[in-house]
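The values are calculated or read from the model by the stated rules, or taken from the named source; none is laboratory data. Everything quoted here is computed from the prediction, not taken from an experiment. Note that we place each Cβ from the backbone using ideal geometry, even for glycine, and neighbour counts take in every protein chain shown. Note: areas computed on protein heavy atoms with side chains; ligands, DNA, RNA excluded. Shrake-Rupley method; radii C 1.70, N 1.55, O 1.52, S 1.80 Å.
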Amino acid sequence: MALVQIDEYGPWTVTPAPRRETDLQSLQAELFAELSSFVGERDGYAFYGRFDNMVAVTNGRDPESHRAFQRRVRNRYPVTVSVGVGRATTPVDALGAATEELQAAGSAQADDRREVFGVAERDLPAEARERVTVAHFDVVDATGSLTDRVNAADATLAVRRATLELATHLREAHDSVAHFVGGDNVIAVCPDLDAAAFDEAITHVREASDIELQVGVGRGPTAHAAGDDAKEALEVCRETGTRIRGVDRVAADD
């Protein structure tokens, strides 16, 4: 997992005077698009996080590949980025290691911290180095139950509640990192979980938010390979009415 953090972003947004919010949002969106494209070209996944802090699965790429992204940002944008990379047996531990690399180099608001790059590895066995698990969740019949039926503001709040419940549960129960990726979709990078764990997650969200989810799970040597398998499994859920596909058993709707 890689953590990409804009250097000294807070002070920059108000220097020499507070910048227009639309300009800041445009910069953030463009920078995320740059990261997503860069990582996607290398079969990884990117998530916008808080925009000034973005997360990516970079498949164990070499340091030079990450530094190439830093150079691209420096040459194209009025800001620079620091990158921490963590490798561990769970996504949360990997992201934690990446976070600590940047925190050890100084504050994100420090004017003397520029383009930091660091890599940390935590007890990662050789057999775990080439395997990624991706789970792709979405709301069952979001169009029929939300988009075409309720106020758009309420639909957005309902999806956000479900997303927060899911991401919190997966982080606390399974050391997974989950992100909303648009529409009614959430993508989670997970350890090697079984169907019971995903069934538990779906049940938790249903009970907490009254939103029904379905999930496709994929595994592979890269985030892209695992994600493609997860998308295909999710399509089977949609076509058959099952709730979980891509793991050791199928959990059907009750």
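How high is the FRET efficiency from Asp154 to Arg206, r the C-beta distance, R0 25 Å, rounded to 0.05?
Taking R0 as 25 Å, the efficiency between Asp154 and Arg206 is 0.90.
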Given Cα pairs under 8 Å that are at least 6 residues apart, what percent is the relative contact order of the range 97-172?
21 percent
Kindly write out, for the range 170-181 in residue order, the coupling ³J(HN,Hα) from the Karplus curve 6.51 cos²θ - 1.76 cosθ + 1.60 (θ = phi - 60°), rounded to whole Hz, with x marking Gly and Pro.
5, 5, 6, 8, 9, 6, 9, 10, 10, 9, 5, 10
Sorted by average packing, counted as other Cβ atoms within 10 angstrom per residue and highest first, what order do 60-68, 113-121 take?
113-121, 60-68
Rounded to the nearest angstrom and ordered from largest down, what semi-axes does the equivalent ellipsoid of the range 2-122 get from its C-alpha gyration tensor (root of 5λ)?
23, 16, 12
With a cut-off of 8 Å between alpha carbons and a minimum separation of six or more residues, what is the relative contact order of the range 108-254 in percent?
27 percent
Given only helices, namely DSSP H runs of n ≥ 4 each adding -39500 (n - 2.57), what is the per-residue ellipticity at 222 nm of the chain, to the nearest 500 deg cm²/dmol?
-14000 deg cm²/dmol
Relative contact order, percent, of the chain when contacts are C-alpha pairs under 8 Å separated by at least 6 residues?
18 percent
Per residue, how many Å² of accessible area does the range 96-254 show with a 1.4 Å probe?
51 Å²
Highest mean first, how do 84-93, 38-47, 5-14, 103-112 rank when packing is the count of other Cβ atoms within 10 Å averaged over residues?
84-93, 38-47, 5-14, 103-112
The chain - percent of accessible surface contributed by carbon and sulfur, probe 1.4 Å
47 percent
Mind jotting down the distance between the C-alpha centroids of the range 179-193 and the range 200-234, whole Å?
7 Å
Specify the angular offset, from 0 to 90 degrees and rounded to the nearest 10, of the alpha carbon long axis of helix 63-76 from the longest principal axis of the alpha carbons in the chain.
70 degrees
